[in-house]
Amino acid sequence: MFGALEWAIAARYLRARRHEGFISIIAWFSLIGIALGVATLIIVMSVMNGFRTELMDRVLGLNGHVLVRGEGARLTDFDGMAEALRAVAGVKVAAPLIEGQVMATAHKRASGALVRGMWPKDLKARAIIADNIYNGSIVDFAGKHNVLIGQRLANKLGLRVGDKITLVSPQGTATAFGNVPRMKAYRVAATFMVGMYEYDSTFIYMPLPAAQVFFRLKGAASAVEMFLDDPNDVSRLRPAIRAVPGAARVVDWQQLNSHFFQALQVERNVMFLILTLIILIAAFNIISSLIMLVNDKGKAIAILRTMGATRGMIMRIFVISGTSIGVTGTLVGFILGLAFCLNIDTIRLWLESLSGTELWSPEIRFLSKIPAEVNNGEVVSVVLMALVLSFLATLYPAWRAARIDPVEALRYE
């Protein structure tokens, strides 16, 4: 398609002489702009993908896909309902649950917390907790006086395994002297760290019998929490779940977290559009540099035409010149983007040690580290978009070069 002579002339034009230095500088800026645009787009898309995946894994790993409640606040036949829900095709796990807000205190410190009462066997089967025990052993999660708490909550209250934590329920006990808050001390059997700040700093797990006593739900539970084989099958399985006796209210993860994940998707799309402008601006730089090159090489083009070069050959020379900038910039950006994504947390730690400031705060970002998940399809799309824009940017300058009239160009030579 392109001959050796055309490649040689295009390469010669890209190596600007001293008086053509300004054109060369614009070409270099175009290359750097495309490289930065491609790299930034790959990095941002990968971080957004990783952020969504990590949040999905942690939110759904701890909270379940579906929550089934009874007619009132109490669910008496919770074990029977859990057994019936497990029999529904597509349901992987169904576990009774008691949930309530408390105030946790220890060593004259206090913090709000969320208590979740579960059967020990159900909690031990939950990989996101069982595989992320920070201190202690999940085997000790049993009886009526042991609890499992998040490591960040333990740090906040100055607790270690074996220490006592006092829980204060907002539902007090009525006495002759008024409403007295209900308080009880528990032993910290173990701590966990799942990597999501909100959960590590607020969640407390308690054996179901202990939670029944603390929240005054003797012989009852708050709900049955379910995990499905595929979280996206919620709508399809809803009728079968509702058909189970006692399942009065069914709430799924899409209802509870829809606003959050929709906002994340909108932010991702906006970031893609904004960062695409970087590549577009770099493409316009290619147009301007090639137009200037065409103007500068007008007499050289005229000489080539008089020596027998066709208009198609002239067009191909400038298409090669411009596309070479785009291809090189895209390749550099691709390598930079992938390298950054694969080492993003190491780079963050290095920058934090260098600057002495915290660049990624778990309290604000929800996650303990920066996630990055490279999607091959998206990377290919970004690379193809950069290549196509680079190619399109060469067409007008190449057409303009091919339209130069040799007679007019050489008239005043």
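Bear in mind these aren't lab numbers, they're just calculated from the coordinates by the rules spelled out. Here the structure is a predicted model, which is why all the values come from computation and not from measurement. All Cβ positions, even for glycine, are placed from backbone atoms using ideal geometry, and neighbour counts span all protein chains on display.
Brief remarks on what is shown
- Between SER111 and ALA240, the contour length at 0.36 nm per residue exceeds the alpha carbon distance by 42.4 nm.
- Rounded to 10°, Cα long-axis angle of helix 253-296 versus longest principal axis of the chain: 10 degrees
- Hydrodynamic radius (Kirkwood) for the chain, which is based on Cα pairs only, to one decimal in Å: 26.3 Å
- Treating r as the C-beta distance of ALA263 and ARG311 and R0 as 41 Å, the FRET efficiency rounds to 0.20.
- Farthest positive-ward along the chain dipole, Cα basis, beta-carbon charges - from PHE261, ALA282, THR346: THR346
- Our helix-only sum for the chain, with -39,500 (n - 2.57) per DSSP H run of n ≥ 4 divided by its residues, gives a mean residue ellipticity at 222 nm of -18500 deg cm²/dmol.
- Straightening the chain between ASP230 and TRP7 buys 74.9 nm, computed as 0.36 nm per residue apart minus the Cα-Cα spacing.
- Bridge type composition, the chain - antiparallel percent by DSSP, nearest 5: 80 percent
- Treating r as the C-beta distance of ILE281 and GLN255 and R0 as 45 Å, the FRET efficiency rounds to 0.60.
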